[in-house]
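First the structure, in the form of structure tokens, and then the observations on it.
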Amino acid sequence: QVQLVESGGGLVQAGGSLRLSCSASSFIFSSFAFGWYRQAPGKQRELVATIRSGGISNYADSAKGRFTISRYNAKRTVYLQMNSLKPEDTVVYYCKVVVDRSDYWGQGTQVTVSS
């Protein structure tokens, strides 16, 4: 069974940094692409960044220049380094992987940026 567990969220002041982690189990981690998404209350979940099995990454415009996605296959973990955080980054962040055409999500981690 595919399981994803996010961690690393919390409260930070505007301009600060956080690193989110997504730990995965029960599948061939290195073969799959992962994505970080975020969702504000009452809004649709939106893509933040993706990373392919070979390490190629892509970012939403809101994340470019501030966020960096990376992966450490030996630890079965995907990271999202977030710098220069803004109050509008205050949302729940989710990790996702698609395995055998099925989407698997973690439980989410709350990020709160105070002004």
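The values are calculated or read from the model by the stated rules, or taken from the named source; none is laboratory data. Please read all numbers here as calculations on a predicted model, not as lab measurements. All Cβ positions, even for glycine, are placed from backbone atoms using ideal geometry, and neighbour counts span all protein chains on display. Side chains are part of the model used for accessible areas, which takes the heavy atoms of the whole protein and leaves out ligands, DNA and RNA. Shrake-Rupley method; radii C 1.70, N 1.55, O 1.52, S 1.80 Å.
Quick look at the values:
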{"item": "Segment 10-112 - share of DSSP beta bridges that are antiparallel (%, nearest 5)", "result": "95 percent"}
{"item": "Heavy atoms of residue 18: accessible area, 1.4 Å probe, square angstrom to 10", "result": "30 Å²"}
{"item": "Near-label residues of segment 21-53 by backbone N, under 17 Å of a point 7 Å along Cα→Cβ of residue 5", "result": "21-27, 29"}
{"item": "Viscosity 0.890 mPa s, 25 °C: Kirkwood-radius Stokes-Einstein D of the chain over Cα pairs, µm²/s", "result": "174 µm²/s"}
{"item": "Kirkwood hydrodynamic radius (C-alpha pairs) into Stokes-Einstein, segment 1-67, 37 °C and 0.692 mPa s, D in µm²/s", "result": "239 µm²/s"}
